[in-house]
Amino acid sequence: MKLFTVGPVEMHPGTLAVAGRQLPYFRTDEFSRTVNECDAMMRTLTGAPAGSRTVLLTASGTGAMEMAVTSCIPRSGKALVIDGGSFGARFCEICETVGIAYDRIRLEPGKSLDPAVLDGRDLSGYRALLLNAHETSTGVLYDLPAIGRRCRESGMLFIVDAISAFLCDEIDMAAMNIDLLITSSQKALALEPGLSLLVYAPAALEAAAEVPAVSCYFNLSSYLSNAERGQTPFTPAVGIVLQLHERLKTLVAAGLAAQVKRTAGLAQHFRRQLAGLPFRIFSDHPSNALTALAPTDGTSAHDVYLRLKEEGLVVTPNGGALADRVFRVGHMGNITEHDLDELIRAMKGLS
Ligand SMILES: *Cc1c(COP(=O)(O)O)cnc(C)c1O
């Protein structure tokens, strides 16, 4: 079985070895040191500006999206959401559930946001722009530098869900004016699901200081005060924190650029071999993280997924309205060009 999914993905031997060990007790100086080192390595890999803080949250990525929204935007504030698919829609759902007003810029599936659209709007009433750096449901990577510049000019916080973009495409919080960046364990970090990370730049920390807590579990201020001693308010996913530490050490040693280059290389290798096959790349601005494909010969995308899975090759099916139109091939995690060649051979055998 080989995973070409978007999370969980194929894990690396180093983190699998950590996952096989007995867990330690965690209210200790040793564990605090591990957490502090994760904080520092995350700030390095995200290009976080001086004074940024990392929060470790035991929750799937959606939990971190909810914490990001509720920690920085008060109930009296308003958000602007870019909705290009199911993850953009999730930001809207979060705002609705917690009672934060929002406006939505809805994009056609597979289409990127033209940053000029923001120039034509009055942005003065918004506390924050909520954006998924990479809309994982369709494979669209947004123009972060251009959107970040508009956020800075208009005084909106730029809150970026980089859950599937981190380590795949270039991200630099300081250079792109990102005030709060979210990622989680099961995408390109290639760890077990269950741990999320939020990197707050000083502007987001300042904004959050004025926002009253609306949740006990997702109360940012208790995460920040506990983090001062390398701890979390509640029992963290101890095992995944240890996996994270192992993985971040490897990534920092090699450098972010090397990791992005590796993923870009896999994506290009895969896409080169699509010529002549009955599939069209669905996104008008594809990320390195995955290739979203639409069959052009009338085959159901979901059937393609099922038939490949029978051969032990697990691509990612889409849900909802795109279920029969689109499936996705992930380029994250411990996969090689050789694995992608095997998938291409199987795709050729389908017709
Ligand atoms: C995977 C993902 C999430 C998080 O989904 P969970 O199932 O809650 O982990 C959020 N946003 C994006 C863009 C993602 O790719």
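Details
- Qualifying residues in the stretch 37-66 (those that are within 13 Å of Tyr223 (Cβ to Cβ) and assigned to a helix (DSSP H, G or I)) - the one farthest from the ligand (Cβ to nearest atom): Asp39
Here is a yes/no grid of residues against (1) more than 28 Å from Ile240 (Cβ to Cβ); (2) among the β-branched types (Val, Ile, Thr):
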position	(1), (2)
Val117	yes, yes
Ser124	yes, no
Leu141	no, no
Ile147	yes, yes
Phe166	no, no
Asp172	no, no
Asp179	no, no
Ala188	no, no
Leu191	no, no
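- Residues in the stretch 279-292 that are crowded, with 16+ Cβ neighbours inside 10 Å and over 19 Å from the mean Cα position of the chain (by Cα): Phe279, Phe282.
- Inter-residue pairs, beta-carbon under 8 Å, first more than 18 Å from Met42 (Cα to Cα) and in the stretch 57-75, second more than 9 Å from the ligand (Cβ to nearest atom) and basic (Lys, Arg), 6+ apart: Cys72/Arg127; Ile73/Arg127; Pro74/Arg127
- Matching residues in the stretch 237-247 - criterion: being crowded, with 19+ Cβ neighbours inside 10 Å and either aliphatic (A, V, I, L, M) or within 18 Å of Arg27 (Cα to Cα) (or both): Ala237, Gly239, Ile240, Val241, Leu242, Gln243, Leu244
- Count of residues meeting criterion [closer than 26 Å to Gly230 by Cβ and within 16 Å of the ligand (Cβ to nearest atom)] in the stretch 70-109: 1
- Taking each residue of the stretch 1-19 that is more than 16 Å from Val241 (Cβ to Cβ) and within 16 Å of the ligand (Cβ to nearest atom) and looking for partners that are at pLDDT 95 or above and assigned to a helix (DSSP H, G or I) with beta-carbon atoms closer than 7 Å, six or more apart or interchain, yields Phe4/Leu343.
- Members of the stretch 112-126 found to be surrounded by fewer than 16 Cβ atoms within 10 Å (Cβ to Cβ) and more than 18 Å from Glu153 (Cβ to Cβ), listed by number: none
- Tallying residues that are within 16 Å of the ligand (Cβ to nearest atom) and in a helix (DSSP H, G or I) within the stretch 118-156 yields 2.
- Unique residue being farther than 19 Å from Leu130 by Cα, away from the ligand (no atom under 16 Å from the Cβ) and aliphatic (A, V, I, L, M) when the list is Ala227, Ala204, Ala190: Ala227
Here is a yes/no grid of residues against (1) in a loop (DSSP other than H, G, I, E, B); (2) at pLDDT below 95; (3) in contact with a strand residue (DSSP E or B) (Cβ under 7 Å, 6 or more places away or on another chain):
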residue: Thr183; (1), (2), (3): no, no, yes
residue: Pro193; (1), (2), (3): yes, no, no
residue: Ala204; (1), (2), (3): no, no, yes
residue: Ala213; (1), (2), (3): yes, no, no
residue: Cys216; (1), (2), (3): yes, no, no
residue: Ser221; (1), (2), (3): no, no, no
residue: Ser225; (1), (2), (3): no, no, no
residue: Gly230; (1), (2), (3): yes, no, no
residue: Pro236; (1), (2), (3): yes, no, yes
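- Test: residue in the stretch 2-14 that is part of a helix (DSSP H, G or I) and within 27 Å of Ala257 (Cβ to Cβ): yes
The values are calculated or read from the model by the stated rules, or taken from the named source; none is laboratory data. Everything numeric here is computed off the predicted structure, so don't read it as measured data. We place every Cβ from the backbone using ideal geometry, glycine too, and count neighbours over all the protein chains shown.
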